[in-house]
Structures are given as C-alpha cells and as structure tokens.
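Everything below concerns the one structure shown next.
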Amino acid sequence: MATISTKDYLLDQAKRRFTPSFNNFPGMGALERKLLRTDFPQKVLAEPPAGSGLKPVMGDSGLPVLGHLVEMFRGGPEYLMHIYKTKGPIYYADSPALPAVAALGPDAAQAIYGNRNKDFSQEGWIPVIGPFFHRGLMLLDFEEHMFHRRIMQEAFVRTRLVGYTEQVDTVASKVVANDWVANDPRFLLYPAMKQMTLDIASMVFMGHEPGTDHELVTKVNNAFTTVVRAGNAIIRTGVPPFTWWRGLQARKVLEDYFAERVEERRGAEGSDLLTVLCQTEDEDGNKFSNEDIVNHMIFTMMAAHDTSTSTATTMSYFLAANPEWQERCRDESDRLGDGPVDVESLEKLESLDLVMNESMRLVTPVQWAMRRAVRDTELLGYHIPKGTNVIAYPGLNHRLPEFWTDPMTFDPERFAEPRNEHKQHRFAFTPFGGGSHKCIGMMFGQLEVKVIMHRLLRKYRLELAHPGREQTWDYGGMPVPMDGMPIVLRPLR
Ligand code: HEM
C-alpha cells in the first residue's frame, strides 16, 4: 500500500501556504471587502447609434492595472452575484488585463451560446489561452469550426466511447487500488485525481499502456501541465523565466511529440483518441491534416483533463460531506459489483448522475464562456460595439435563486422528477456550454467521472479530514480547492 512521505507533505503544505496569490497574500481579504463597498466612477462602453433605441453598457475600471482581478479570483461566482444584484445583467469591467462585458443570467447566456446572427466569435478565448491552444476546436469559428467539428464528432460516437470507457476503467481501477493512500488525513484528493486523469489521458488519448514509456510519458505530462498552468499566468509575457514563456516552450515539446506520433499512427490500428483522429473522416471523406491533429490533440487533452479532475474532486467532497448520498450512490455501485463496467452498466448509476449535476452546479468547472463581438450588435437591448469581449457566466447562473431552491444547499434531488429545477430555462444549467460549441466530450467526460467514482465508492468510505471546516476554492482559472482537498479513504473490506 502506498504511503505519504512526511517531507513531501510538509513541502507541499508550505508551498500551498506561501506561494503568493490573490487568495493567500496577507491583507487580500480586507482589500476585497473594501473593493466590494467601493463605488468606482462609472463610464460608458460606447454610445449607441442615434435612433437605435439601444441602451449604453455602463461599467467601471476597478483598480489601476488589476481592474477587478482581486474580487474575481477570490469571490468567483459570488462576486458576479454582487454585480448582478447591484448593476444588472450587462456590465462592463474595463481593465488592461482583459476588458470585457459581463453577460449575466440565462437570457444573456442564451443569446451568446445560441449566437443566432453569428455576432459572437470564439476569439474571446484568445487573450486567455490562445497562444497555447492555437487552432484547438473551441478556438475555431463558424464554417471552419463546423467543418472540423464534423470530423472530430466521429471520434466521440457511441462505438468509440465503448473502447475509451474500457481503457478508463483499466487505469482507474489500478490507481485507486494501488496508488492511493488509505487511513491518512494527509492524503490530498485533488492532486491525486489530477495525476490519475493524466494517467487516463496517456492511455485513452495517446495509447500508452500504464507503466510503459515511463520517461516519455512523464516528459509529455510535465509539458502538458506547464501549458495548462500558463493560461492562468499573471505576468502574461513570453520572456524567460516567466510562466507564460514556460508555457510556450512546453507547447513546442507537445507539438514535436504529437507530430512524431501522428506519422506513426497514420494507417495503424488502435482505439486511442490519437489513432482514431488519424483515421476519422466525415461523410464526404474529409480528414484532418497532420497539423490539425496536433492542434486538436493538445487542446482536447486540456479540455478533458482539468474539467474531469474538478468534477470528480468536487463530487468526492460532497459525498464525503453528505454520507446519506454516499450510501445511496454506493448501493447502486454495489449492485454493479467489481466486474468490468461498460456504457450500459454505468447508466444504472442514476444517483451518481444527480450528484454529478449538483456538484457541477455548485462548483462549475468552466465558469465562463468567452466571446468577442465580430460586428456592432445588441445584447438584451444594450449596444455592444465590434471587438468587445463578452463573457457569459454559467457559474453564476447555477446559483440564481429565481431558478434554484436554496441555491447554496447540496440537494441533488432538484435534478430529479418532479422538481426538475434545471428545466425551467434552457440556459439555466449549462456546465457543458450550449449551441454549436457545446462540449464534444460531454458523454465521454460523464462516463470517465462515473467510472472513477464507482471504483472509489466500491473500495473506500470517503470522510472529510477536517469536518466542519469551510471548503474554499481558488477561482483564478478552473475552481481549485485551496487546501488540495484532504479526504480520508477508509477501506471497506
Ligand atoms: C466534466 C467534464 C467537462 C466539462 C465540465 C466540460 C465543459 C466544456 C464547456 C463548458 C465547453 C464549451 C466552452 C465554450 O462554449 O466556449 C466545452 C467544450 C469542449 N470540450 Fe468539454 N468539458 C468536459 C469534458 C471534456 C472531455 C472529456 C473532452 C474530450 C475528451 C472535452 C472536449 C471539449 C472540446 C473539444 C470542446 C470544444 C467544442 C467546440 O468548440 O466545438 N471536454 N467543454
């Protein structure tokens, strides 16, 4: 059985406490409270055209240089709730880092995701992740996006999911049983889950059998982790030794790795995503070029990795905090037993579906949908000039009291008959986005998380290491538990 080294544990704790961030720097809490009480001078984004009947978008610049980063990184959806209540659904936050209009509430989300007149482009994502995820599917627009999406869709049809699920199960069963540490309150679930989803990706996406190609897999995984982290860099410049620069170097490592593997996998047999992307074509016989595959692989790994890590970590937390739900989910898992799982058997884990929805509602992995107006347009009666960044916030919409009873309470039944709270508005619940860019890996992601949770629930009872302590999240990128999420795994047998 694996154990935890005291030295590594203490180093990790020190790093968590002393790496400066908006969330742990002394005085940041007081600054945040002060900023929330401050009435910054109001400004108009742009005057609407005469006679248009449109309203101007109002806003402010927040602090010099930082804009509203402090409130956003610390409060996340709570800060947006404050904006929604005090300023309304459309508000301009100017800042040198990312000037943008916040489009709050499900009506605004519908206009942006639905994108009826193709007014909003995915270019809104470029300032955040553009250099690292160049020409990933989510960064393509309109006809070109549809062309690529049609080909990629073939890699996510049900028959392909059957193969991926089998591979996920191979890795998850092994890691949960052999690598995770039982009966130790120092065990941090979040980094362990992150490592496991990376191990899963190495097999399912790149075809590396667990335990093989160790050096290469480690190099690729490290490069991948660096690229993902770079998107959250505060100093956003390609100058050594900053995080942004390291991200660009790591992107090169990934490009070289995938370029070589594509050559190797063209025409080869295999059920991993890379080999599948080398083979897939749409009904008209269109295929991806080598360069397309490299770009799609790098983006897809990112899109799959932190999102499923976040979802499985949050679910584990809520199950540990709500033992009655843990028992209910375990009962269903016990009925499946320890045999191999497949797409059909996983469908029987219905309570786990409710818990997954409720966990993604309360801690939404992708908090934002970033877009940019390609022409002058309107949004809920407000004038939006060409070139404006516009951001919809599912993370806020998932907490609006007009749709959700007692929104901050963990209550998975709200997603079941007869309550169906999520069905009151088509865009009230959008953890996987909506419209033409809706998550292409939604089914796969749900299956992956269910396999992980099923294996975990069969093997351990989950207990909070510090019951009663308030769980806090860093909202700088995807929500990350600030303490690494200590959970005690009590072996059941
Ligand atoms: C629980 C897990 C996941 C969540 C919460 C999630 C969430 C999302 C969201 C919100 C979007 C839309 C972003 C936007 O509108 O700008 C998206 C897009 C995307 N996701 Fe996921 N995702 C998850 C898992 C996955 C997995 C497992 C994969 C791949 C295997 C994946 C691949 C993608 C891709 C390629 C896109 C871009 C789609 C397009 O632009 O057409 N995701 N995801």
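The values are calculated or read from the model by the stated rules, or taken from the named source; none is laboratory data. Just so it is clear, the model here is predicted, and its values are computed rather than measured. Heads up, the Cβs are rebuilt from the backbone with ideal geometry, glycines too, and the neighbour counts pull from every protein chain shown.
Key figures
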| item | result |
| --- | --- |
| All positions within the stretch 122-147 that are surrounded by fewer than 22 Cβ atoms within 10 Å (Cβ to Cβ) and of a type in the set (Gly, Ala, Ser) | Gly130 |
| Meets criteria (at pLDDT 95 or above, surrounded by fewer than 21 Cβ atoms within 10 Å (Cβ to Cβ) and more than 10 Å from the ligand (Cβ to nearest atom)) for Arg455 | no |
| Arg469 without any contact (Cβ under 8 Å) to a residue 60 or more places away in the chain, part of a loop (DSSP other than H, G, I, E, B) and over 23 Å from Gly75 (Cβ atoms) | no |
| Qualifying residue in the stretch 400-421 (condition: in a helix (DSSP H, G or I), more than 12 Å from the ligand (Cβ to nearest atom) and basic (Lys, Arg)) | yes |
| Tally of residues being crowded, with 18+ Cβ neighbours inside 10 Å, part of a helix (DSSP H, G or I) and within 16 Å of the ligand (Cβ to nearest atom) across the stretch 81-118 | 7 |
| Residue satisfying all of: in the stretch 472-485; in a loop (DSSP other than H, G, I, E, B) and not hydroxyl-bearing (Ser, Thr, Tyr); nearest to the ligand (Cβ to nearest atom) among these | Met478 |
| Identity of the residue in the stretch 422-436, in contact with a helix residue (DSSP H, G or I) (Cβ under 6 Å, 6 or more places away or on another chain) and under 25 Å from His305 (Cβ atoms), that ends up farthest from the ligand (Cβ to nearest atom) | Phe429 |
| Test: Met443 is at negative phi, among the aliphatic types (A, V, I, L, M), within 16 Å of the ligand (Cβ to nearest atom) and surrounded by fewer than 19 Cβ atoms within 10 Å (Cβ to Cβ) | yes |
| Count of the stretch 282-300 residues which are of a type in the set (Ser, Thr, Tyr) and assigned to a helix (DSSP H, G or I) | 1 |
| Residue tally, condition touching a residue at least 24 places away in the same chain (Cβ under 8 Å) and under 29 Å from Asn115 (Cα atoms), over the stretch 415-431 | 9 |
| Restricting the stretch 133-164 to residues that are within 11 Å of the ligand (Cβ to nearest atom) and not in a helix (DSSP H, G or I), the residue that is farthest from Trp244 (Cα to Cα) | Asp141 |
| Selection from the stretch 165-175 of residues that are surrounded by fewer than 20 Cβ atoms within 10 Å (Cβ to Cβ) and either without any contact (Cβ under 8 Å) to a residue 40 or more places away in the chain or within 11 Å of the ligand (Cβ to nearest atom) (or both) | Lys174 |
| Some residue of the stretch 250-262 being farther than 30 Å from Arg160 by Cβ, away from the ligand (no atom under 16 Å from the Cβ) and either acidic (Asp, Glu) or more than 21 Å from the chain's Cα centre (by Cα) (or both) | no |
| Condition met for Ser271 (in contact (Cβ under 8 Å) with a residue 60 or more places away in the chain, in a loop (DSSP other than H, G, I, E, B), among the hydroxyl-bearing types (Ser, Thr, Tyr) and under 25 Å from Gly163 (Cα atoms)) | yes |
| The one condition in (1) over 22 Å from Gln367 (Cβ atoms); (2) without any contact (Cβ under 8 Å) to a residue 12 or more places away in the chain; (3) of a type outside the set (D, E, K, R) that Ile151 fails to fulfil | (2) |
| Segments classed as helices (runs of 4 or more DSSP H), wholly inside the stretch 301-384, with at least 2 members that are in contact (Cβ under 8 Å) with a residue 12 or more places away in the chain, of a type in the set (A, V, I, L, M) and buried (at least 22 other Cβ atoms within 10 Å of the Cβ) | 350-362 |
| Qualifying residue in the stretch 320-331 (condition: within 16 Å of the ligand (Cβ to nearest atom), more than 30 Å from Pro48 (Cα to Cα) and small (Gly, Ala, Ser)) | no |
